[in-house]
Amino acid sequence: GSLDGPALPRYVRVNTLKTSMDDVLTYFKRQGYTYLGKARSIKELIDFGQKSGKSFLQDLHIPNLLVFPPSTDFHKDSLYTAGHLILQDKASCLPALLLDPPVGSCVIDACAAPGNKTSHLAAIVQNKGKIFAFDLDTKRLATMSTLLLRAGVTCQELANQDFLTVSPCDPKYQKVSHILVDPSCSGSGMPDRMRVLTEESGSDQDERLQALSAFQRRAVSHALRFPSVQYVVYSTCSIHQQEDEDVVKDILEQHPDFRYVHILSLWYTAIMLWR
Ligand code: SAM
């Protein structure tokens with residue numbers, strides 16, 4: 001059906017805590033893959049969703065991200081099982097990349113499990129400094145521990161705790177300068193969830209979105225209360241305005257000491273032009 005849209009390419013992040021882009025390129029070439037270089041346009045990336053066979057590109061926007069045809073499966077690949085590769089969609093690489101904490105900084109990942117973004121943040125800070133990562137869900141947190149261990153992350157402190165109960169006054173968090181808030185959301189921006197959501201009745205959906213966006217507002221607001229925080233990235237997998245723009249707009253009205261950074265405007269232009 002039209003809701004399914006074209007297939008998306010398979011994205012693979014090179015985990016620079018354990019390996020380098022050069023080593024991974026050499027590995028795949030030895031495995032018989034043809035390396036096509038860095039993508040030159042968004043269209044080229046999207047067209048890659050129609051590809052099959054053994055070729056790959058480097059992503060146009062995200063450093064250390066490789067792009068393979070959709071049918072490629074790396075779950076049994078030795079580089080994946082050794083934590084050298086992280087199977088992470090392009091969109092999910094944006095939050096840590098945009099937060100971009102300096103090496104050695106103190107970071108909070110407020111809703112962290114299963115931890116792909118935490119491991120990306122750890123790669124960005126080069127395992128130096130501290131990442132305080134919270135999640136309410138014990139099972140997801142256990143999965144996260146395994147994932148971080150495999151990825152060679154050592155700068156984390158995990159807590160099975162409601163982020164809203166984490167005290168900004170605790171001396172432990174006095175140096176936290178960067179916070180990622182990636183809370184539970186409707187998932188309406190994920191291709192496999194779109195159909196489910198469009199089949200939900202209007203009032204059920206409204207109620208659910210209201211509850212989600214109330215939590216999202218509280219989580220972002222809480223992040224802004226940490227005494228040394230300079231940057232907060234708020235991300236969702238939702239295409240609903242109630243969970244995205246509306247949340248940010250309300251938060252900024254309540255916290256005039258923060259402003260919105262139009263960091264993605266160039267990319268939006270690129271996408272709009274392409275369309
Ligand atoms: N950032 C994760 C990643 O990249 O792997 C994905 C996070 S997922 C979108 C949202 C997470 O928020 C879930 O694991 C959920 O258990 C957690 N969560 C929900 N409410 C929370 C709360 N009050 N405090 C901390 N975590 C919460």
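The values are calculated or read from the model by the stated rules, or taken from the named source; none is laboratory data. Predicted model only: the values in this text are computed from it and were never measured. Cβ: placed from backbone, ideal geometry, glycine included. Neighbour counts: every protein chain shown.
To keep it simple, each residue is scored yes or no on (1) loosely packed, with under 15 Cβ neighbours inside 10 Å; (2) out of contact with any helix residue (DSSP H, G or I) (no Cβ under 7 Å at 6 or more places or on another chain); (3) closer than 23 Å to Ala91 by Cβ.
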site: Asp23; (1), (2), (3): yes, yes, no
site: Arg30; (1), (2), (3): yes, yes, no
site: Gly37; (1), (2), (3): yes, yes, yes
site: Ser41; (1), (2), (3): yes, yes, yes
site: Gln50; (1), (2), (3): yes, yes, yes
site: Ser55; (1), (2), (3): no, yes, yes
site: Leu60; (1), (2), (3): no, no, yes
site: Asn64; (1), (2), (3): no, no, yes
site: Val67; (1), (2), (3): no, no, yes
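Taking the stated definitions as given, is Ala96 in contact with a Leu (Cβ under 9 Å, 6 or more places away or on another chain) and either assigned to a loop (DSSP other than H, G, I, E, B) or polar (S, T, N, Q) (or both)? Outline the logic, then answer.
Numbers: in contact with a Leu (Cβ under 9 Å, 6 or more places away or on another chain): yes; either assigned to a loop (DSSP other than H, G, I, E, B) or polar (S, T, N, Q) (or both): no.
No.
Starting from residues that are under 23 Å from Arg150 (Cβ atoms) and part of a loop (DSSP other than H, G, I, E, B), keep the ones in segment 99-109 and report whichever is nearest to the ligand (Cβ to nearest atom). Break it down into steps so the answer makes sense when it comes.
Taking segment 99-109 and keeping what is under 23 Å from Arg150 (Cβ atoms), we get 99, 101, 103, 107-109.
If we keep only those that are part of a loop (DSSP other than H, G, I, E, B) as well, we get 101, 103.
Values: Pro101: 15, Val103: 21 Å.
So, considering only residues that are under 23 Å from Arg150 (Cβ atoms) and part of a loop (DSSP other than H, G, I, E, B), the one nearest to the ligand (Cβ to nearest atom) is Pro101.
Could you list, in sequence order, the residues of segment 150-168 that are touching a Gly at 6+ places or on another chain (Cβ under 8 Å) and free of Cβ contacts under 8 Å to residues at least 40 places away in the same chain?
Residue satisfying the conditions is Cys155 alone.
Considering (1) surrounded by fewer than 20 Cβ atoms within 10 Å (Cβ to Cβ); (2) in a loop (DSSP other than H, G, I, E, B); (3) at pLDDT 95 or above; (4) within 18 Å of the chain's Cα centre (by Cα), say which one Ser145 fails and leave the rest.
Going through (1) surrounded by fewer than 20 Cβ atoms within 10 Å (Cβ to Cβ); (2) in a loop (DSSP other than H, G, I, E, B); (3) at pLDDT 95 or above; (4) within 18 Å of the chain's Cα centre (by Cα) one by one, Ser145 breaks only (2).
Taking only pairs six or more apart or across chains, which ones have beta-carbon atoms under 8 Å, a first residue in segment 205-217 that is closer than 11 Å to His240 by Cβ, and a second residue that is part of a helix (DSSP H, G or I)?
Note: pairs meeting the criteria are Gln205/Leu197; Ser213/Asp246; Ser213/Val247; Gln216/Val247.
Within segment 210-223, take every residue that is over 20 Å from the mean Cα position of the chain (by Cα) and of a type in the set (A, V, I, L, M, F, W, C) and give me the one that is nearest to His255 (Cα to Cα).
It comes out as Ala214.
What are the residues in segment 148-183 that are surrounded by 17 or more Cβ atoms within 10 Å (Cβ to Cβ) and within 13 Å of the ligand (Cβ to nearest atom), if any?
Leu148, Ala151, Val153, Gln156, Leu158, Phe163, Val166, Ile179, Leu180, Val181, Asp182, Pro183
Considering only residues that are within 10 Å of the ligand (Cβ to nearest atom), surrounded by fewer than 24 Cβ atoms within 10 Å (Cβ to Cβ) and part of a loop (DSSP other than H, G, I, E, B), which ones fall in segment 114-134?
In the first step, residues of segment 114-134 are kept if they are within 10 Å of the ligand (Cβ to nearest atom); the result is 114-121, 133-134.
Now restrict to residues that are surrounded by fewer than 24 Cβ atoms within 10 Å (Cβ to Cβ): 114, 116, 134.
Across segment 114-134, the qualifying residue is only Pro114.
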